[in-house]
Amino acid sequence: MRSRIAPMWDIARSATFAGRLHWNTMPGTFITFEGLDGSGKTTQIKRLAAWLEERGRNVVLTRNPGGTALGERIRGILLDSRTEAATGAITPKAELALMFADRAQSIAEIIKPALAEDKIVLCDRYTDSSEAYQGGGRELGSATILAAHKTICDGFQPSLTILLLPPLAASLARARRRNDRTTHHTGTDENRFEREGDTFYTRIYDAYKTIAAREPQRVVAIEDDASIDEIQKIIQAIVANRLDL
Ligand code: TYD
(Lines give C-alpha, C1' and ligand atoms only; values in the text may rest on other atoms or scores of the structure.)
Protein backbone atom coordinates (compact mmCIF):
# COMPACT_ATOMS: atom_id res chain seq x y z
CA MET A 1 0.00 0.00 0.00
CA ARG A 2 2.63 2.47 1.12
CA SER A 3 4.75 1.98 -1.99
CA ARG A 4 1.74 2.70 -4.18
CA ILE A 5 0.51 5.81 -2.40
CA ALA A 6 3.91 7.48 -2.09
CA PRO A 7 4.53 7.84 -5.84
CA MET A 8 0.96 9.10 -6.24
CA TRP A 9 1.68 12.02 -3.93
CA ASP A 10 4.86 12.71 -5.86
CA ILE A 11 2.75 12.92 -9.00
CA ALA A 12 0.40 15.38 -7.31
CA ARG A 13 3.22 17.61 -6.15
CA SER A 14 5.12 17.74 -9.41
CA ALA A 15 1.92 18.38 -11.37
CA THR A 16 1.14 21.37 -9.20
CA PHE A 17 4.38 22.99 -9.87
CA ALA A 18 4.65 22.46 -13.58
CA GLY A 19 0.97 23.19 -14.21
CA ARG A 20 1.26 26.82 -13.23
CA LEU A 21 3.12 27.39 -16.46
CA HIS A 22 0.18 26.21 -18.50
CA TRP A 23 -2.94 28.18 -17.56
CA ASN A 24 -4.96 29.40 -20.48
CA THR A 25 -6.06 33.01 -20.34
CA MET A 26 -9.77 32.48 -19.54
CA PRO A 27 -10.86 32.95 -15.92
CA GLY A 28 -12.22 29.42 -15.34
CA THR A 29 -10.29 26.17 -15.27
CA PHE A 30 -10.44 23.61 -18.02
CA ILE A 31 -9.61 20.04 -17.01
CA THR A 32 -9.86 16.99 -19.26
CA PHE A 33 -9.89 13.27 -18.47
CA GLU A 34 -8.30 10.74 -20.78
CA GLY A 35 -7.68 7.02 -20.90
CA LEU A 36 -8.56 3.80 -22.63
CA ASP A 37 -12.12 2.54 -22.70
CA GLY A 38 -12.68 0.89 -19.33
CA SER A 39 -10.06 2.96 -17.50
CA GLY A 40 -12.72 4.15 -15.06
CA LYS A 41 -12.47 7.80 -16.04
CA THR A 42 -16.21 8.40 -16.31
CA THR A 43 -16.72 7.27 -12.71
CA GLN A 44 -13.78 9.34 -11.56
CA ILE A 45 -14.85 12.52 -13.36
CA LYS A 46 -18.36 12.34 -11.85
CA ARG A 47 -16.95 11.86 -8.37
CA LEU A 48 -14.55 14.75 -8.84
CA ALA A 49 -17.43 16.97 -9.99
CA ALA A 50 -19.41 16.11 -6.86
CA TRP A 51 -16.36 16.70 -4.66
CA LEU A 52 -15.73 20.13 -6.19
CA GLU A 53 -19.38 21.10 -5.87
CA GLU A 54 -19.33 20.15 -2.19
CA ARG A 55 -16.54 22.70 -1.89
CA GLY A 56 -18.70 25.40 -3.42
CA ARG A 57 -17.16 25.38 -6.89
CA ASN A 58 -19.23 25.84 -10.02
CA VAL A 59 -18.65 22.81 -12.19
CA VAL A 60 -19.68 22.01 -15.73
CA LEU A 61 -19.35 18.36 -16.65
CA THR A 62 -19.31 17.47 -20.33
CA ARG A 63 -17.91 14.94 -22.76
CA ASN A 64 -16.44 14.50 -26.24
CA PRO A 65 -18.06 13.33 -28.33
CA GLY A 66 -21.35 14.67 -26.98
CA GLY A 67 -22.65 17.30 -24.61
CA THR A 68 -24.25 19.51 -27.26
CA ALA A 69 -27.31 18.48 -29.27
CA LEU A 70 -25.16 18.22 -32.40
CA GLY A 71 -22.47 16.37 -30.48
CA GLU A 72 -24.88 13.75 -29.15
CA ARG A 73 -26.01 13.06 -32.72
CA ILE A 74 -22.41 12.76 -33.87
CA ARG A 75 -21.75 10.47 -30.91
CA GLY A 76 -24.60 8.22 -32.04
CA ILE A 77 -23.06 7.92 -35.50
CA LEU A 78 -19.52 7.35 -34.28
CA LEU A 79 -20.00 4.92 -31.45
CA ASP A 80 -22.78 2.64 -32.64
CA SER A 81 -21.36 -0.54 -34.13
CA ARG A 82 -24.47 -0.80 -36.34
CA THR A 83 -23.71 2.49 -38.14
CA GLU A 84 -21.46 0.92 -40.73
CA ALA A 85 -24.11 -1.59 -41.72
CA ALA A 86 -26.03 1.43 -43.05
CA THR A 87 -23.23 3.73 -44.19
CA GLY A 88 -20.45 1.38 -45.24
CA ALA A 89 -17.03 1.64 -43.62
CA ILE A 90 -16.25 5.01 -42.02
CA THR A 91 -12.79 6.07 -43.15
CA PRO A 92 -10.28 7.10 -40.45
CA LYS A 93 -10.25 10.68 -41.75
CA ALA A 94 -14.04 10.88 -41.82
CA GLU A 95 -14.03 9.59 -38.24
CA LEU A 96 -11.47 12.23 -37.29
CA ALA A 97 -13.43 15.02 -38.97
CA LEU A 98 -16.58 14.02 -37.09
CA MET A 99 -14.67 14.05 -33.80
CA PHE A 100 -13.47 17.58 -34.55
CA ALA A 101 -16.92 18.74 -35.69
CA ASP A 102 -18.19 17.62 -32.30
CA ARG A 103 -15.31 19.33 -30.51
CA ALA A 104 -15.75 22.65 -32.32
CA GLN A 105 -19.37 22.74 -31.22
CA SER A 106 -18.49 21.71 -27.68
CA ILE A 107 -15.88 24.47 -27.35
CA ALA A 108 -18.20 27.17 -28.70
CA GLU A 109 -21.39 26.09 -26.95
CA ILE A 110 -20.19 24.72 -23.62
CA ILE A 111 -16.50 24.99 -22.78
CA LYS A 112 -15.61 28.61 -23.55
CA PRO A 113 -18.85 30.16 -22.24
CA ALA A 114 -18.45 28.25 -18.95
CA LEU A 115 -14.80 29.27 -18.61
CA ALA A 116 -15.76 32.88 -19.29
CA GLU A 117 -18.10 32.61 -16.28
CA ASP A 118 -15.20 31.39 -14.15
CA LYS A 119 -16.49 27.83 -13.91
CA ILE A 120 -14.50 24.64 -13.71
CA VAL A 121 -15.07 22.62 -16.87
CA LEU A 122 -14.48 18.89 -16.60
CA CYS A 123 -14.49 17.25 -20.00
CA ASP A 124 -14.52 13.48 -20.46
CA ARG A 125 -12.08 13.15 -23.42
CA TYR A 126 -10.77 15.88 -25.70
CA THR A 127 -8.12 16.20 -28.44
CA ASP A 128 -5.73 13.74 -26.79
CA SER A 129 -8.36 11.08 -27.54
CA SER A 130 -8.19 12.00 -31.23
CA GLU A 131 -4.42 11.80 -31.13
CA ALA A 132 -4.48 8.44 -29.34
CA TYR A 133 -7.40 6.79 -31.19
CA GLN A 134 -7.27 8.30 -34.70
CA GLY A 135 -3.58 9.25 -34.66
CA GLY A 136 -2.38 6.06 -32.95
CA GLY A 137 -5.19 3.50 -33.22
CA ARG A 138 -6.20 4.35 -36.80
CA GLU A 139 -2.59 5.22 -37.68
CA LEU A 140 -3.23 8.73 -39.05
CA GLY A 141 -0.23 9.97 -37.07
CA SER A 142 0.00 12.76 -34.51
CA ALA A 143 0.89 15.55 -36.95
CA THR A 144 -2.50 15.30 -38.71
CA ILE A 145 -4.38 15.54 -35.42
CA LEU A 146 -2.29 18.40 -34.07
CA ALA A 147 -2.79 20.33 -37.31
CA ALA A 148 -6.56 19.81 -37.12
CA HIS A 149 -6.55 20.90 -33.49
CA LYS A 150 -4.74 24.09 -34.42
CA THR A 151 -7.14 24.91 -37.25
CA ILE A 152 -10.45 23.82 -35.78
CA CYS A 153 -9.91 24.40 -32.05
CA ASP A 154 -7.48 27.33 -32.37
CA GLY A 155 -5.06 25.14 -30.43
CA PHE A 156 -7.22 25.55 -27.32
CA GLN A 157 -5.92 23.20 -24.62
CA PRO A 158 -6.87 22.38 -21.03
CA SER A 159 -4.73 23.55 -18.13
CA LEU A 160 -4.69 20.02 -16.77
CA THR A 161 -5.29 16.58 -18.21
CA ILE A 162 -5.71 13.58 -15.95
CA LEU A 163 -4.68 10.49 -17.90
CA LEU A 164 -5.82 7.21 -16.37
CA LEU A 165 -3.55 4.59 -17.78
CA PRO A 166 -3.75 1.36 -15.81
CA PRO A 167 -2.11 -1.67 -17.41
CA LEU A 168 -3.56 -2.44 -20.84
CA ALA A 169 -4.84 -5.93 -20.02
CA ALA A 170 -6.91 -4.66 -17.08
CA SER A 171 -8.46 -1.86 -19.16
CA LEU A 172 -9.42 -4.17 -22.01
CA ALA A 173 -11.07 -6.68 -19.73
CA ARG A 174 -13.16 -3.96 -18.05
CA ALA A 175 -14.21 -2.37 -21.34
CA ARG A 176 -15.44 -5.68 -22.73
CA ARG A 177 -17.37 -6.57 -19.58
CA ARG A 178 -18.99 -3.14 -19.51
CA ASN A 179 -20.05 -3.21 -23.13
CA ASP A 180 -21.58 -6.64 -22.87
CA ARG A 181 -23.57 -5.34 -19.92
CA THR A 182 -24.70 -2.11 -21.64
CA THR A 183 -25.91 -3.81 -24.78
CA HIS A 184 -27.68 -6.50 -22.84
CA HIS A 185 -29.53 -4.24 -20.40
CA THR A 186 -30.44 -1.17 -22.42
CA GLY A 187 -30.36 -2.24 -26.03
CA THR A 188 -28.05 0.70 -26.76
CA ASP A 189 -24.84 -0.10 -28.51
CA GLU A 190 -21.72 1.99 -27.98
CA ASN A 191 -19.13 -0.55 -28.94
CA ARG A 192 -17.88 0.30 -32.42
CA PHE A 193 -14.51 1.05 -30.81
CA GLU A 194 -14.52 -1.72 -28.20
CA ARG A 195 -14.89 -4.25 -31.02
CA GLU A 196 -11.34 -3.46 -32.09
CA GLY A 197 -8.52 -5.88 -31.34
CA ASP A 198 -5.66 -5.72 -28.89
CA THR A 199 -3.17 -4.27 -31.41
CA PHE A 200 -5.47 -1.27 -31.93
CA TYR A 201 -5.57 -0.65 -28.17
CA THR A 202 -1.84 -1.16 -27.81
CA ARG A 203 -1.26 1.62 -30.35
CA ILE A 204 -3.63 3.87 -28.38
CA TYR A 205 -1.88 3.06 -25.14
CA ASP A 206 1.51 3.86 -26.70
CA ALA A 207 0.19 7.13 -28.15
CA TYR A 208 -1.07 8.21 -24.72
CA LYS A 209 2.34 7.46 -23.24
CA THR A 210 3.97 9.59 -25.93
CA ILE A 211 1.61 12.51 -25.25
CA ALA A 212 2.28 12.32 -21.49
CA ALA A 213 6.04 12.31 -22.06
CA ARG A 214 5.81 15.22 -24.51
CA GLU A 215 3.63 17.45 -22.30
CA PRO A 216 4.43 16.72 -18.65
CA GLN A 217 3.24 20.18 -17.55
CA ARG A 218 -0.29 19.55 -18.77
CA VAL A 219 -0.71 15.78 -18.60
CA VAL A 220 -0.60 13.88 -15.32
CA ALA A 221 -0.59 10.13 -15.93
CA ILE A 222 -1.87 7.83 -13.20
CA GLU A 223 -0.70 4.35 -14.10
CA ASP A 224 -1.70 2.53 -10.93
CA ASP A 225 -4.36 -0.14 -11.09
CA ALA A 226 -5.61 0.91 -7.64
CA SER A 227 -9.16 1.00 -6.29
CA ILE A 228 -11.65 3.65 -7.40
CA ASP A 229 -11.34 5.33 -3.99
CA GLU A 230 -7.55 5.43 -4.06
CA ILE A 231 -7.43 6.88 -7.57
CA GLN A 232 -10.09 9.45 -6.67
CA LYS A 233 -7.99 10.58 -3.72
CA ILE A 234 -4.96 11.21 -5.87
CA ILE A 235 -7.07 13.03 -8.47
CA GLN A 236 -8.48 15.24 -5.73
CA ALA A 237 -4.95 15.95 -4.47
CA ILE A 238 -3.80 16.97 -7.94
CA VAL A 239 -6.82 19.20 -8.54
CA ALA A 240 -6.74 20.72 -5.05
CA ASN A 241 -3.17 21.80 -5.64
CA ARG A 242 -4.00 23.31 -9.00
CA LEU A 243 -6.99 25.21 -7.70
CA ASP A 244 -5.50 26.13 -4.34
CA LEU A 245 -8.40 24.40 -2.55
P1 TYD B 1 -16.75 7.15 -24.24
O2 TYD B 1 -17.98 6.43 -23.79
O3 TYD B 1 -16.70 8.60 -24.07
O4 TYD B 1 -15.44 6.60 -23.61
P5 TYD B 1 -15.30 5.42 -22.60
O6 TYD B 1 -15.64 4.20 -23.41
O7 TYD B 1 -13.88 5.46 -22.19
O8 TYD B 1 -16.26 5.69 -21.50
O9 TYD B 1 -16.57 6.70 -25.75
C10 TYD B 1 -15.96 7.47 -26.64
C11 TYD B 1 -15.29 6.59 -27.65
O12 TYD B 1 -14.87 7.41 -28.73
C13 TYD B 1 -14.05 5.92 -27.09
O14 TYD B 1 -13.96 4.62 -27.61
C15 TYD B 1 -12.94 6.76 -27.65
C16 TYD B 1 -13.49 7.31 -28.92
N17 TYD B 1 -12.95 8.63 -29.30
C18 TYD B 1 -12.10 8.73 -30.38
O19 TYD B 1 -11.81 7.72 -31.04
N20 TYD B 1 -11.61 9.96 -30.75
C21 TYD B 1 -11.92 11.09 -30.08
O22 TYD B 1 -11.46 12.19 -30.43
C23 TYD B 1 -12.81 10.97 -28.94
C24 TYD B 1 -13.20 12.20 -28.19
C25 TYD B 1 -13.30 9.73 -28.60
message: Which of the numbered conditions does Ala237 fail, given that it passes all the others? Conditions: (1) assigned to a helix (DSSP H, G or I); (2) in contact with a helix residue (DSSP H, G or I) (Cβ under 6 Å, 6 or more places away or on another chain); (3) under 21 Å from Ser142 (Cα atoms).
response: (3)
message: I need every pair where a residue in segment 129-146 that is closer than 20 Å to Leu164 by Cβ has its Cβ under 8 Å from the Cβ of a residue that is part of a loop (DSSP other than H, G, I, E, B) and polar (S, T, N, Q), sequence separation at least 6 or different chains.
response: Ser129/Asn64
- prompt: Of these, Thr32, Thr42, which one is polar (S, T, N, Q), within 15 Å of the chain's Cα centre (by Cα) and buried (at least 20 other Cβ atoms within 10 Å of the Cβ)?
  reply: Thr32
- prompt: So, in segment 69-103, of the ones that are outside any helix (DSSP H, G or I) and more than 13 Å from the ligand (Cβ to nearest atom), which residue ends up nearest to the chain's Cα centre (by Cα)?
  reply: Thr91
Lone unmet requirement of (1) modelled with pLDDT of 95 or more; (2) within 12 Å of the ligand (Cβ to nearest atom); (3) not hydroxyl-bearing (Ser, Thr, Tyr) for Leu36: (1)
query: Any idea which of Asn179, Asn241, Asn191 is under 25 Å from Ala49 (Cα atoms), out of contact with any Pro (no Cβ under 9 Å at 6 or more places or on another chain) and at pLDDT below 85?
result: Asn179
task: Pull up segment 118-147, narrow it to residues that are away from the ligand (no atom under 12 Å from the Cβ) and among the charged types (D, E, K, R), then point me to the one that is surrounded by the most Cβ atoms within 10 Å (Cβ to Cβ).
output: Lys119
- prompt: What pairs can you find where one residue is in segment 193-210 and over 16 Å from Ala170 (Cα atoms) and of a type in the set (A, V, I, L, M, F, W, C), the other is near the ligand (Cβ under 10 Å from one of its atoms) and modelled with pLDDT under 95, and their Cβ atoms are less than 8 Å apart, with a gap of 6+ or different chains?
  reply: Phe193/Asp37; Phe193/Leu79
statement: Out of (1) within 14 Å of the ligand (Cβ to nearest atom); (2) within 22 Å of Ala50 (Cα to Cα); (3) in contact (Cβ under 8 Å) with a residue 60 or more places away in the chain, the one Ser106 does not meet is (3)
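The values are calculated or read from the model by the stated rules, or taken from the named source; none is laboratory data. Keep in mind the model is a prediction, meaning the values are calculated, not measured. Virtual Cβ from ideal backbone geometry, glycine too; neighbours counted across all protein chains shown.
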